[in-house]
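Input: a single structure, listed below in structure tokens.
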Amino acid sequence: MQKLRILILAFCLLLFASKSMATHYRAGEITYRQIELTIYEITAITYTDPRNTGADRPEIDIDFGDKTSASVARVNGTGEIVNTDPNNIIKKNIYKTTHTYPGPGMYLISMLDQNRIAGIRNIYDGRSVDIAFYVESYLNIVAGFGFNQSPILLLPPIDIGCKFKVFKHNPAAYDPDGDSLSFTLIPPKQAKGQDVPFYVTPFYSDTFTLDQTNGQVTWSTPLVSGPYNIAIKIQEFRKGVLIGFVVRDMQIFINDNCVNNPPKLSIVNDTCIEVNQLLRKTISATDIDPGQFITLQAYGGPFVQSNKPATMSPNPGYGMSPVASIFNWTPSCNAIRYRPHQAVFRATDNHPFDPLSDISYWNIKVIAPAPKNVQISQDSNGFNLSWRKDSCNLAYGYKIYRRIDSSYWKHANCETGVPEYTGFTLLDTTYGVDNVKYFDNQFGKGLSPLIRYCYIVTAMYPPRSENGIIIYSEESESYASEEVCDLILRTKPIITKVSVESTSTTAGKIRVNWLNPEQIDTVDQYPPPYRAQIQRAVLGENNFQNVGPSFNYNQFANLKEESILDSLINTISNIYNYKIQFFYTKNNQEKLLEESIIAGSVYLSNYNSDKSIRLSWSPDVPWKNNEAIIYRKNQSNIFDSIGFSKTLEYLDAGLVNGKTYCYKIQTKGNYNLSFYPNLITNFSQEICGSPLDTIKPCPPILLIDTPCNNLNSLKVILNWSYPSDCTNDLVNYKIYWKPNKKENWTLLATVAANITSYTDERENLKLTIAGCYAVTSVDSFNNESSFGNEKCIDNCPFYILPNVFSPDNEDDINKLFKPFPYRFINKIDLTIYNRWGQEVFKTTNPEINWNGKDLESGIECSEGVYYYICDVYESYLEGEKKRTIRGSIQIIR
């Protein structure tokens, strides 16, 4: 016995020693970098307390998330001591390996080890010595998304603050691929899917916050001294897809009774800089405590660029308050990206006992240069545009924007692309860095004379990592070029009117006016006589046919503005396009000189709604329409103007449902007023419509009374009321049901609008009442409301077995073993055993009805206690569930 006691004591001492030696983890994280298609470099960095030498880890186990793991060796020797304070000594350990993944997929990389340091204030009531240390990173390998590297955290996960002093920390996260980063505070973990027990946010007087956009932690202010641990999840998104995250488990040590104050960094406003341009800024810090020296350090993306990184001079800055360093950065073309680069500055004083810091960040967006030397020249019925090739030689294409007349717009400092408010619209895109020419002839339709067209060009840049590798994130757009404008010479006919004068299916009429050419070589190239011919085609067809007679001119001086009335056409159903062909005669042969730009008739459409009619139109014409006058027939059957629109639609409201209203519109526009000052007006065809109610009524307010509230009921009772502030032309209600949220609705009943209740007594309710109900409203126009009042009720089964019965009872009471009155049970699986474990009865019938006889032999079972196991199957909204009942039953004879 004495030997046994000694062995137990020795084992306990060994267990205690092992446990105490393992109390060393402070902080850590796992990062990864893609090397080849499926090969990744995995790096785990931990910060430990090295005073327990038995807890040192030359190797750690890393789970790669693909059902494989490996023991990974430390690569920085025996570790690096980064803080020699005897009360807070810290060692940095770096473990690195490579791993080949099987292919695209989602992988959770993790490490777990015992244990954390003791006394962490916000974990397990300070008993953190018993809690494991666990960190994880998520890797989502997406086919076609390009290479990926996890965010790099440039500031270590160990920091120091003081009680009652504002504490700030920034991980200085940098994504080399330019992916979008998001920061979230989460509880530290002790294992996969397991948060540390009893975690609380560090104790604060005002706030403890994390900026989700840049990772800045602000603790205002710590109340209790000691070590604290928090975890920051840094997620990276590409094209809106989560492609990875890193969880940093970091430690903050709050000192007690500090007499020191932290230094204060100067505020720097976010900015933008064009590539190859110098950005210079003085970064300074001050300290109100006299005699202290300040160290000013810089971290972040600008300082780790492989080409032309930013610098600080001096680096680090050091001196008595105030201290300053000059930030200099002339970013290279590889720094162009959609997301800004973040520079993080840290100022730390040299207090002998409680050194404190201030941290601030600076967002710098690097923008590509605008295309230079944009040129414009006319070529027949369009413009040739050209510009100088992208100076970075990295653009994958160019965007061409166009508007009518000049905007006189110049981009602001951080304004890329061409904003919508400028009036420019994207005309087209060219692809390839050398594709620096574009011909605009309105995609083959030709540009209209008398219109001044203006253009702007921008360059498009593919997302790329800082080492130049193209990835698949958000593309970036350069600054806008200088605006160029020009006017097409009048070398062709110009249509000035296409106006409907009569609406009919067979006798419709459209007036067409046009100008003949004004600038042609009448002597050598295009001598007279001349002929103008109008042609017409229905929209959607390209079979232009001659309309009316030709217009002949013996000499150029006879050319003038012409007009024709096109008759006997269907202006109710068709939109008509017109063009003018102009011919000259040379060597006794007539030849086509030019065609006008096609101009179409104004076609009016209507959409009938509740007490309103919405009119819309979309004329295809070479001039600029500025507004439309809306006409409606009045009670005298005469068209009268009722309003105007500067868009392509008009809503006529306040009408009477079922009444007929007739409309037409007149568009008003112009060419460039300097060259053609006349107002251009055109009428549409006439159109009629009748408002009708298409507005859905409101869903009623639904209440449900279930049998769960009444043990003697098997009915589900629905009651509803219709909202008083909704339109009330209801004709009936429809009652729907479905077994769960995922299934489709089944119509149970339709009741009149004066009925506001319904009782569901279907036979299947005896098995389960689980399901969803909805009641819809239907109005006199057969509009049905939404299912906005859907309510789901779950099952409330009841099944209890007695503990005694008397098979020989002469009054037939309690002669059978069966359940008390039950409800909502699908089935059971019951087995009854005697005290020796032998099976005596078995059934799946919820009624049971056992008469006390052995199921096999039919012999009456003796008095005594028997045991049962009963699996009860019940239906719920989530599906069928099994509930097991165990108990005993006594037979009394």
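Ligands, DNA and RNA excluded, the heavy atoms of Lys233 present near 50 Å² of accessible surface to a 1.4 Å solvent probe. Take the chain with all the other protein chains still there, run a 1.4 Å probe, and you get 47 Å² of accessible area per residue. Provide the FRET efficiency to the nearest 0.05 for the Leu278-Ala143 pair, computing r from the beta carbons and using R0 = 35 Å. Given R0 = 35 Å and the Cβ-Cβ separation, E is 0.25. In the complete set of protein chains, residue-level accessible area for Thr843 is approximately 20 Å², probe 1.4 angstrom.
Here the Karplus relation 6.51 cos²θ - 1.76 cosθ + 1.60, evaluated at θ = phi - 60°, turns the backbone of segment 28-40 into coupling constants of x, 6, 10, 10, 9, 9, 6, 9, 10, 3, 10, 9, 10 Hz, with x for every Gly and Pro.
Between Ser313 and Asn558, the simple label model (points 7 Å from Cα in the Cβ direction) yields a spacing of 8.1 nm. Taking Lys591, Lys497, Lys738, Lys239 and ordering them by how much accessible surface each has at a 1.4 Å probe, largest first, produces Lys239, Lys591, Lys497, Lys738.
Against the set [x] 41.4, 135; [y] 36.0, 129; [z] 30.9, 97, the structure's computed Rg and Dmax of the Cα atoms in Å falls on [x].
For the chain, averaging the sequence separation of C-alpha pairs within contact (under 8 Å, six or more residues apart) and dividing by the residue count gives a relative contact order of 6 percent.
A probe of 1.4 angstrom, applied to the heavy atoms of all protein chains, finds Val872 with accessible area near 0 square angstrom. Computed in the context of the full set of protein chains, the accessible area of segment 227-353 at 1.4 Å probe radius has 53% of its extent on carbon or sulfur.
At 0.36 nm per residue, minus the direct Cα-Cα distance, what do Glu878 and Trp836 gain on full extension? Give it in nm, one decimal, please.
Values: separation 42, 0.36 × 42 = 15.12 nm, distance 3.88 nm.
11.2 nm is the gain from fully extending Glu878 to Trp836.
Label-to-label distance for Gln525 and Thr585 is 2.2 nm, based on points extended 7 Å past Cα in the beta-carbon direction. Amide H contacts of Leu279 (H built 1.01 Å from N, in plane; Pro and chain starts excluded): Trp329, Thr330 sit under 5 Å, all sequence-distant by 5 or more or on other chains.
A simple rule links phi to the HN-Hα coupling: the Karplus curve 6.51 cos²θ - 1.76 cosθ + 1.60 with θ = phi - 60°, which for segment 106-119 gives 10, 10, 9, 8, 8, 9, 9, 7, 9, 9, 7, 5, 7, x Hz, with x for Gly and Pro.
I need to check one value: relative contact order of segment 754-893, counting alpha carbon pairs closer than 8 Å and at least 6 residues apart, in percent.
Relative contact order comes out at 23 percent.
Tilt of helix 2-21 relative to the longest C-alpha principal axis of the chain, in degrees (0 to 90, nearest 10)? The two axes meet at around 20 degrees. Listed by chain and number, the aspartates and glutamates whose alpha-carbon sits under 12 Å from that of Lys389, ignoring those within fewer than 8 places in the same chain, are Asp434.
Would you mind calculating the gained length between Tyr338 and Asp871 on full extension (0.36 nm times residue separation, minus the Cα-Cα distance), in nm to one decimal?
Going from the current span to full extension adds 185.8 nm.
Heavy-atom accessible area with a 1.4 Å probe sorts Tyr736, Tyr758, largest first, into Tyr758, Tyr736.
Under the simplified labelling scheme, the Lys633-Asp811 pair shows an inter-label distance of 9.1 nm, with each label point 7 Å from Cα along Cα→Cβ.
Taking a straight line from the alpha carbon of Lys410, these lysines sit under 16 Å away, with near neighbours fewer than eight places off in the same chain left out: Lys372.
In summary, the lysines within cross-link reach of Lys586, defined as a Cα separation below 23 angstrom excluding same-chain residues under 8 places away, comprise Lys492, Lys560.
Between Tyr408 and Asn626, the C-beta separation translates, for a Förster distance of 25 Å, into a calculated FRET efficiency of about 0.80. Placing a label point 7 Å from the Cα of Asp486 along the Cα-to-Cβ direction, the residues of segment 369-402 with a backbone N closer than 19 Å are 371-389, 399-402. Students often get this wrong, so check it: of Lys659/Lys791; Lys233/Lys791; Lys579/Lys664, which have C-alpha atoms separated by over 29 Å? In this structure, Lys659/Lys791; Lys233/Lys791 exceed 29 Å between Cα atoms. Remark: for residue pairs Lys611/Lys633; Lys715/Lys882; Lys738/Lys881; Lys67/Lys92, the C-alpha separation exceeds 21 Å in Lys715/Lys882; Lys67/Lys92.
You can think of it this way: the chain between Leu747 and Ile288 has 157.7 nm of extra reach, that is 0.36 nm per residue less the Cα-Cα gap. Using the Cβ-Cβ distance between Ile572 and Asn608 with R0 set to 22 Å, the FRET efficiency works out to roughly 0.80.
Along segment 372-383 the Karplus relation, 6.51 cos²θ - 1.76 cosθ + 1.60 evaluated at θ = phi - 60°, assigns HN-Hα couplings of 9, 6, 6, 10, 9, 8, 7, 9, 6, 9, x, 10 Hz to successive residues, with x for each Gly and Pro.
The values are calculated or read from the model by the stated rules, or taken from the named source; none is laboratory data. The shown structure was predicted, so the numbers you read here are calculated from the model rather than taken from an experiment. Note that we place each Cβ from the backbone using ideal geometry, even for glycine, and neighbour counts take in every protein chain shown. Ligands, DNA and RNA are excluded from the accessible area calculation, which covers all protein heavy atoms including side chains. Shrake-Rupley method; radii C 1.70, N 1.55, O 1.52, S 1.80 Å.
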